Amino acid sequence: MSQFLAYLEQPELDPYLINEVFLSLSNKNNFQFGKYTHYQIFPATKPLKDFTRKIFNFDHIVQVQKITKDLPIHIDFNRQLAFNYIIETGGEEVKTCFYNANHELIEEHIILKHKWHCIRVNGNHNVKNITSQRIALTVNFPPIGKV
Ligand SMILES: [Fe+2]
């Protein structure tokens, strides 16, 4: 039992939706934060929005994230939970790691691809051992005040 990760039962993406994930990468990158050019986040196309609206019964934002290098330990600034679906892992040994306030490792997971899951991102975490692009669909609650 993990404090940080839970796999979910929502359905897999059909091939045409996987294609929409790659099409989303042509949208404008929504995330520009200083030197973090290896983390990009793109608005999802309409078919992906329609799909996630069917399978998640809460208001949400759906985006495609592309990570090309390991991420440093950080706390997400605008969300507590992320509902993710990995399409390309970025390598065999890519680990999502969760730390306490002193940056001591508490849990690490090689998260399965093509499996919806929820992770807690309101504490210290990172992703390491990336050797190629890591592509995921990511769903989260809208920031408070944006609904
Ligand atoms: Fe994060």
Scanning for something away from the ligand (no atom under 16 Å from the Cβ) and either touching a Ser or Thr at 6+ places or on another chain (Cβ under 7 Å) or among the polar types (S, T, N, Q) (or both), does the stretch 73-83 turn up at least one residue?
no
So which residues in the stretch 102-122 are more than 16 Å from the ligand (Cβ to nearest atom) and either over 23 Å from L8 (Cα atoms) or free of Cβ contacts under 8 Å to residues at least 60 places away in the same chain (or both), if there are any at all?
N102, E104, I110, K113
Of the residues in the stretch 34-92, how many are outside any loop (DSSP other than H, G, I, E, B) and among the small types (G, A, S)?
1
State yes or no: is L105 surrounded by 17 or more Cβ atoms within 10 Å (Cβ to Cβ), farther than 21 Å from S132 by Cα, among the aliphatic types (A, V, I, L, M) and over 15 Å from the mean Cα position of the chain (by Cα)?
no
Filter the stretch 123-147 down to residues that are within 16 Å of the ligand (Cβ to nearest atom) and exposed (fewer than 12 other Cβ atoms within 10 Å of the Cβ), then give me how many there are.
1
In the stretch 101-136, what count of residues is obtained for those that are among the polar types (S, T, N, Q) and under 16 Å from L5 (Cβ atoms)?
3
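To keep it simple, each residue is scored yes or no on (1) away from the ligand (no atom under 15 Å from the Cβ); (2) crowded, with 19+ Cβ neighbours inside 10 Å; (3) of a type outside the set (G, A, S).
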| residue | (1), (2), (3) |
| --- | --- |
| K46 | yes, no, yes |
| D50 | yes, no, yes |
| R53 | yes, no, yes |
| F56 | yes, no, yes |
| H60 | yes, no, yes |
| Q63 | no, yes, yes |
| L71 | no, no, yes |
| I86 | no, yes, yes |
| E92 | yes, no, yes |
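Computed from the coordinates by the stated procedures, all read-outs in this text should not be read as laboratory data. Everything numeric in this text was worked out from a predicted model, so none of it was measured. We place every Cβ from the backbone using ideal geometry, glycine too, and count neighbours over all the protein chains shown.
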